[in-house]
Amino acid sequence: MKKTGSELIAKIAKIGTGAAVAAAVVVGFCVADRSPRESAVVLSSIPESSVSAEYKSPAISGNSANVESSPGSETSQKSETRNTDETKPYLVNINTATSRQLQTLSGIGEAKAAAIIEYRETHGGFSDVSELLNVSGIGETIFGNIRDYVTVGDAPPKETPPPDTSKPSSASSTSTPTAPAQIPVVNINTASVEELQMLPGIGSAKALAIVQYRSVCGEFYDISDIKNVSGIGESVFAEIREFITVGNVSPRPVENTPQAPEIHEEIYLDLNTAKKSELCKIPGIGEVKAQAIIDYREANGGFYSIEEIKNVSGIGDKTFESIRDYIYVEYRERPGNNQNPEEPVQSESAVNYPVNLNTATLEELCTLPTIDEEKARAIIQFRIDHEGFNDIRELQNIDGLDIGTVYILRYIITV
């Protein structure tokens, strides 16, 4: 005797989860000889909790592979369409994608996503996915991993501008270069931040750096001077050199200073008195860093040791090691030293100069400019280990002392 739909539902409601699969089979037999409408009513009445998480009946799960259908039926056509969509990869449009969408691509993090967006804003979008290789940080390996998952959408190909036939073939090399119509020639001495961003490879950060540089260091006298701006190297300069000019700028002024000597020992400057033009002669110190050194000493009351130059913006340990042989600081007392006010301060005039490195006491050595107790002990230990000094330049062999120390002390020490 056949069970009615309501009787079966009552039965299934009493079945535990362990028998869910068997219940589903029973329902299948029940609805097999019924009309589609009656079957749907029975199946839709089954509580969701009575079906195991690991099992869904074909009618509920929508698995078309287990539903009997004719090849030309609507169910079969939907199944084929869905399977095709599942195998088709999701494509990211690099001309419209957000940073978060770009980061779904293999090997693309926040920095590379930002670089892609900056590139398309600067160059008016991508015409081909291979242009990704022009983006900083994206090489052949990363491009090979993502090329099948990116698209440029309906972007038209970039047109190559026709050659300028009006330009004489024997044009002077000093004339202002003519740029393609879409990129105007920009005067880097007068251009605004917005105008500078029209140059290829120049975003808002580099444009602002150019404006700040010329406000601090003065106008550009040659287009190659732009390479002194932070973030603009040979590659960026090569990309923009055809689109920039310095206008009718006056010739670079010639300072009435002696030529820098070829022997580096002759470049020996006091950080507290050296002019900007003199500081620029030190290898690795350009106009920006020279001005930063002057700004620091004016703001902090001068330098008290050459090591203090590492506090200047743009000068770290590496730069300091490369310039330490070119700089010195005349000894002077740092204000606010914690001295005992009741203890008289021994003046330098109380010491008999020159101080003999081979006989001086610890206290006498400590009176020398730049020599503290640690360095004084190192001097005494050196003369013990080497049976005395033969030349004051041997001080360079002591850790913490260098040619600059010898230069400062040369008139007040002897052997």
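Before moving on, here are some points about what is shown:
- Förster radius 35 Å - calculated FRET efficiency between Glu118 and Asn272, Cβ distance, rounded to 0.05: 0.25
- Listed pairs Lys276/Lys310; Lys112/Lys318; Lys112/Lys227; Lys227/Lys289; Lys206/Lys276; Lys275/Lys318 exceeding 20 Å between Cα atoms: Lys112/Lys318; Lys112/Lys227; Lys206/Lys276; Lys275/Lys318
- Segment Asp402-Ile384, extension gain: residue separation times 0.36 nm, minus the distance between their alpha carbons: 4.5 nm
- Among 274-287, 129-142, the peptide with the highest mean count of other Cβ atoms within 10 Å heads the list, and the full ranking is 274-287, 129-142.
Readers should treat all values here as calculations from the given coordinates under stated rules, not as data from a laboratory. Predicted, not measured: the structure shown is a model, and the values here were computed from it. Cβ coordinates were reconstructed from backbone atoms using ideal geometry, including for glycine residues, and neighbour counts include every protein chain displayed.
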